[in-house]
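Student: To start, I am sharing the structure in question, which I have written as structure tokens.
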Amino acid sequence: QVQLVESGGGLVQAGGSLRLSCAASARTSTSYAMGWFRQAPGKEREFLVAINWRGLNTDYADSVKGRFTISRDNAKNTVYLQMNSLKPEDTAGYYCAAAVTLSTTRGRYDYWGQGTQVTVSS
């Protein structure tokens, strides 16, 4: 069982930056691929980016490519999402998740955090 806890969300002005963190409870979590998703009110949960367990391969959604960067520190059991040039349409709950292999598909992820809210004001 892997427990995930996100942090780092908050209120930021358009054009600003935030860094989200996702701390995993188990040492075995370092063998999982990790992904970030977001969900805005009334919308489906959307894939943003994923990273494999070694941190060598990543996959980004077009909507965040060039603005968001995923990284991981396996020594700290933590995955990060650096978000730059934030826009009001980035406002959503942000969730990290763990999967056996890197995937863009929500259903492939076995463990989910509770989410952290990001609000971008115009």
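Student: Strands (runs of 3 or more DSSP E) wholly in the stretch 30-122 with at least 1 residues that are open to solvent by less than 40 Å² (accessible area, probe 1.4 Å) - which ones? Give the derivation first.
Tutor: Numbers: elements: 33-39, 46-51, 58-60, 68-73, 78-83, 92-99, 109-112, 116-121.
Answer list for the stretch 30-122: 33-39, 46-51, 68-73, 78-83, 92-99, 109-112, 116-121.
Student: Which condition does SER63 not pass, out of (1) under 15 Å from the mean Cα position of the chain (by Cα); (2) within 29 Å of SER122 (Cβ to Cβ); (3) at pLDDT 95 or above, if it passes all the others?
Tutor: (3)
Student: Do you know which of the residues in the stretch 1-29 that are in contact with a strand residue (DSSP E or B) (Cβ under 7 Å, 6 or more places away or on another chain) and among the charged types (D, E, K, R) is surrounded by the fewest Cβ atoms within 10 Å (Cβ to Cβ)?
Tutor: ARG19
The values are calculated or read from the model by the stated rules, or taken from the named source; none is laboratory data. Computed from a prediction, not measured in an experiment: that's the story for all the values here. Cβ sites come from the backbone with ideal geometry, for glycine too, and all protein chains shown count toward neighbours. Calculation scope for accessible area: heavy atoms of the full protein, side chains included, ligands and nucleic acids excluded. Shrake-Rupley method; radii C 1.70, N 1.55, O 1.52, S 1.80 Å.
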